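Here's the structure we're looking at; comments come further down.
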Amino acid sequence: MTLASCLPSAAHSEDLECLTAPVDASDGFGYSLAATGRTVLVGDPQANTVWIYKDGEDGFTQTRALQPPAGSDAAAYGTGFGHAVDMDESGALIIGAFAEDAMGVVPRKEPGDGFRRLGEVFVADDPEGSLTQVPGLDALTGTEAFGFSVARTGNHVAMGLRVIAGDQYGTSSVLLVDLASGARTRVSAPTPESATDFGHALASAGRILVIRSAWLAPSGGGVIHDLATAEQSVLAFPQETPRAGFSVATDGTRAVFGGEATVIAKKTDDAWMVTETHAEVNGTVATGGGRIGTLREASRDRQLGARSTTPSLDLTVIADGAAVSKRLAAPGHRSLGQWPHRVLAMGWDFAVVGRPTEVGTCKLAIVRMQEAKEAQGSNYE
């Protein structure tokens, strides 16, 4: 595989295949994404649904709509299911249900912060399996919010927690649950300063869990937790690096941190170390098909609240230490280049990109990387 083959050769709508939303999807279609092999999970918390798509000879088709089980809080609440999604290489999935409403009062710390909240986490063994609720989380209700970030690899599931009452209000941690044994472990932020966003983004593969910790140091950082040994590695990025760590990804051997730069770490000589820093590559990160991808807005006018004159996104793929970027413009589909919530997931031979919070006909698009599929041959799944 050459680096040039990682991305399409042009930058116009013919490169982009719209991931068509079902007729009963909401404006929140694509708020969260996960992909593995030929399967994509699309979270639609406003519709209380997670849509499953599979790739075939005729492209991606929607095969299933997952909704919270009857009797769950998410079913009663009516929204929030699919706020966060993840899926491991085997297809085992996890879905976070999260919502909060201010209830017309000014938020405050005590007694309670004035919000009505939903928090639940569901799992299934595969995209066709039955959903079950992760047990034992009721004790957290009223004291900690959860369901806003999730990750899964095998029987290991992780979820971010945020304190919503008491002296530690606003601080965050991560709860690990072993679905086989029922064992639970809480991972705390390495410093008080980093507790404000610790675990608000999670990624897991193989035996490692990568945890967002963007405020660990002036230039950001992250935490890598070994799920087999419980060893925790804390990475504070060098002072000269633009802040990274807001977005995280992993393929099981590399930990990737996105933000104002992209930082890649690998384990060498029994220690995790930063091996690559791409200061010019910023945005949301994902891994798939042996690649690292980042997605950012094409115009920095977005930061000033002005509409971009070029409704497009920049997709960058990093391979073999080098980075190649392509501008993805879909004429008529402003959703590919508007608003601050951008999403990215990567399968074996494709990336899913979008701006789901913009009203439009194409909220998510598929970018094909055809050579990867041809190289995989009969082993492609």
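Every number in this text was worked out from the coordinates using simple rules, so none of it is lab data. None of the values given here were measured: they were computed from a predicted structure. Every residue, glycine among them, receives a Cβ derived from its backbone with ideal geometry; neighbour counts consider all protein chains shown.
Under a crude label model (7 Å from the Cα following the beta-carbon direction), how far is R327 from A228 in nanometres?
4.6 nm
Taking only C-alpha pairs under 8 Å that are 6+ residues apart, what is the relative contact order of region 197-271 in percent?
Relative CO of region 197-271 lands at 26 percent.
When you count, for each residue, the other Cβ atoms within 10 Å and take the mean per peptide, how do 35-45, 165-175 rank with the highest first?
35-45, 165-175
Ranking request for peptides 73-86, 138-151: highest mean number of other beta-carbon atoms within 10 Å first, then the rest in descending order.
Those peptides, ordered most packed to least, come out 73-86, 138-151.
At 7 Å along the Cα-to-beta-carbon direction for both A70 and K267, put a label point, then send me their distance in nm to one decimal.
4.5 nm
Per residue of region 60-73, what does 6.51 cos²θ - 1.76 cosθ + 1.60 with θ = phi - 60° give for ³J(HN,Hα)? Whole Hz please, x for Gly and Pro, Karplus curve as stated.
7, 10, 7, 10, 7, 10, 9, 10, x, x, 4, x, 7, 4
What is the set of long-range amide H partners of D86 at a cut-off below 5 Å, with H atoms built 1.01 Å from backbone N?
Amide H neighbours of D86: I94.
Under unit Cβ charges (Lys, Arg +1; Asp, Glu -1), what dipole magnitude, rounded to 20 debye, does region 207-292 have relative to its Cα centre?
So the dipole magnitude of region 207-292 works out to roughly 220 debye.
Using 1/(1 + (r/R0)^6) with R0 = 45 angstrom and r between the beta carbons of S130 and A279, what's the FRET efficiency to the nearest 0.05?
So the FRET efficiency works out to roughly 0.45.
Suppose the chain between D101 and D178 were pulled fully straight at 0.36 nm per residue; how much longer would it get relative to their current alpha carbon spacing?
24.6 nm
For region 222-238, just list the computed ³J(HN,Hα) in residue order, Karplus coefficients 6.51, -1.76 and 1.60, θ = phi - 60°, integers in Hz, with x standing in for Gly and Pro.
Per-residue couplings from phi come out as x, 10, 10, 10, 7, 6, 8, 10, 6, 5, 10, 10, 10, 10, 9, 6, x Hz.
How do I366, I52 rank when sorted from fewest to most other Cβ atoms within 10 Å of their own Cβ?
I52, I366
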